[in-house]
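Have a look at the structure below, then the notes.
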Amino acid sequence: MTDTYSDTSPSIVTADVVVVGMGIAGACAAIEAAEAGSTVIVLEGASGPGGSSAQSGGEVYLGGGTATQQALGISDTVEDMRAFLTAALGPNADEAKIEAYCTGAVEHHDWLVAHGAVFNHKLWDTPTWMPGDDSGLMWMGERAEPYASVAKPAARGHRPPGPNFAGNLLMDALVATAEKVGVTLQCDIKARSLIVEDDEVVGVRATEFGAEREYRATGGVVLASGGFVDNERMIEQWAPQQLGKDAVSDGRDDGSGIEMGMEIGAAVRRMHQTETAMLIIPRLVVGAMLVDGDGQRFINEEVYPGLYCHAAVHHRRPPVWVIIDEKGIEDVPESELWGMQPMHAAETIEELAADCGLPADALADQLRRYNAGAERGEDPQFGKSAVWVRPLEPPFGAYPTGAGGPDSFNGLPLKAQGFTLGGLHTDLDARVLDRAGEPIPGLFAAGRCTHGLHGDGYISGTSLGDGSFFGRRAGRGAAACS
């Protein structure tokens, strides 16, 4: 791929398809368009490809009976995948997009593998944000109530063969494939606006180290420029609950693609929706009580951590604490504890409550109710699986979460962080829609600059999943316009 700058570059460059952004959505759009026979130029604002996708955990949420699932003896159906996602990504999840995504998940898995992705036939079997080894499949809370009663549980978190943050491995593979199929990548290009002629999008105006350029598309333009978590003005306007929190991004999720679309009449959807995470240890939490500022549990600690983090930060009174005992800490492998010890410890739950700024009577009553169920191997409140339920015994410990309380702990920042989920309104073919709900000719979009599958819930793997899936559709659609 071409990724060099020359001050002799022409002011007008033409290709069949122009893609803005080289994260996973842009990469998959570019590959599909090129394989359809189109010439493709990708405009990337950074000095290299990858975007926020390369800095992610690398999980792609796929199911319905993928080859990786089958190799590990995991039975799954499209119907169960759809039921789980509809529940976990809701309320207000996009059921039409979820249906399309789940129906195409097995084919999409095979397409990713054929284009360089690797998912080892190895399962990580306990709750975590990201496996600490090269496991190719992980659970995303499918075994937790209330979801286990909605759909038969199946592990669906497909991921590259690297510990923790492995998104760069997935992006390296897709970028290499894009190069092989003839995609031209132009880095350090800042897309500024869309070119519209006769009510059709025909290109992109951009600057390259201050020089004005026009990138004309004889087919279509694909916006894949990321969300808007790095744009404080847009956050204040659309998602003020995210103000003051750290951004999960590569620093370039500035919302420019969204605003470029809006400038020519594109509609936006669910711009208030965000995902928020905290520095919290899932393996520790699942054997503990997660309590809010009223000293009450509010969720099944076995669900995917993104769900309880979002609930804690946005829907519960702070401070939120993890309440645990010595055995609970000892049960967690040292490699998953990140060297963290409790911030507070006490012989009685009342003393611990005082240290944590929680109401002592309420926390003590919550512990009594939790332990009464745990004695029977049950969780009457939220249905946590028996494998994780046991009575908590003194002495007790408390870990802060970042939802209220201290901003740092053991030298690690606790501040909540997140990203945006709303964006341009697109249809099932990744066409950008105007405010009347009609497709804007020549304009397609995918990834976090669009509103994808999500409602008020989030499961990791659904950003890379829907970005790559609908990115492919955007690339095919743009190629078909030429």
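The values are calculated or read from the model by the stated rules, or taken from the named source; none is laboratory data. Being a predicted model, the structure only gives us computed values, none of them experimental. Positions of Cβ are backbone-derived with ideal geometry, glycine not excepted, and every protein chain shown enters the neighbour counts. Heads up: the accessible areas ignore ligands, DNA and RNA and are worked out on the full protein's heavy atoms, side chains in. Shrake-Rupley method; radii C 1.70, N 1.55, O 1.52, S 1.80 Å.
The table for this structure:
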item: Three-way shape label, the range 43-98, alpha-carbon gyration tensor, a/c 1.5; result: oblate
item: Built amide H within the under 5 Å cut-off of MET343, gap 5+; result: ALA398, TYR399
item: Residue-averaged [θ]222 nm for the chain, counting only DSSP H segments that reach four residues, each worth -39500 (n - 2.57); result: -8500 deg cm²/dmol
item: Solvent-accessible surface ranking, highest first, for ASP294, ASP199, ASP80 at 1.4 angstrom; result: ASP199, ASP294, ASP80
item: Among 454-465, 245-256, 277-288, the order from most to least packed when residues are scored by Cβ within 10 Å on average; result: 454-465, 277-288, 245-256
item: Over the range 152-233, relative contact order from alpha-carbon pairs under 8 Å, at least 6 apart, %; result: 15
item: log10 of Debye I(q)/I(0), alpha-carbon scatterers only, for the chain at 0.08, 0.11, 0.12 Å⁻¹; result: -0.48, -0.86, -1.00
item: Nearest-0.05 FRET efficiency for GLU95 and HIS272, computed from C-beta distance (R0 22 Å); result: 0.70
item: Accessible solvent surface per residue of the chain, calculated while the other protein chains remain in place, 1.4 angstrom probe, Å²; result: 37
item: Efficiency of FRET from Cβ geometry, ARG317 and GLU378, R₀ 25 Å, rounded to 0.05; result: 0.40
item: Lysines with Cα under 23 Å of LYS245, excluding same-chain neighbours fewer than 8 positions away; result: LYS415
item: Computed Kirkwood radius, in angstrom, where 1/r is averaged over Cα pairs of the range 314-389; result: 14.1
item: The chain - percent relative contact order, Cα under 8 Å, separation 6 or more; result: 24
item: Segment SER193-ARG233, extension gain: residue separation times 0.36 nm, minus the distance between their alpha carbons; result: 12.6 nm
item: Top positive-direction residue, dipole computed over the chain with Cβ charges, set TRP139, MET81, PHE419; result: MET81
item: Simple spin-label estimate for ASP110 and ALA354 in nanometres, 7 Å along Cα-Cβ; result: 6.6
item: Stretchable slack from SER47 to ASP365, in nm (0.36 nm times residue separation minus alpha-carbon distance); result: 108.9 nm
item: Overall dimensions of the range 352-421 as given by Cα atoms, namely Rg and Dmax in Å; result: 15.3, 42
item: Using θ = phi - 60° and Karplus 6.51 cos²θ - 1.76 cosθ + 1.60, couplings along the range 165-180 (whole Hz; Gly, Pro as x); result: 6, 10, x, 4, 5, 5, 5, 4, 5, 6, 5, 4, 5, 4, 4, 4
item: Label-point separation, VAL150 to ARG216 (7 Å along Cα→Cβ), nm; result: 5.0
item: Computed magnitude of the charge dipole of the chain (debye, nearest 20; Cβ of K, R +1, Cβ of D, E -1); result: 440
item: Mean separation of Cα contacts under 8 Å (6+ apart) over length of the range 400-482, as relative contact order %; result: 25
item: Among the listed pairs LYS97/LYS384; LYS327/LYS384; LYS97/LYS190; LYS122/LYS152, those beyond 26 Å (Cα-Cα); result: LYS97/LYS384; LYS97/LYS190
item: Packing-based order for 331-337, 185-191, using average beta carbon neighbours within 10 Å, highest first; result: 185-191, 331-337
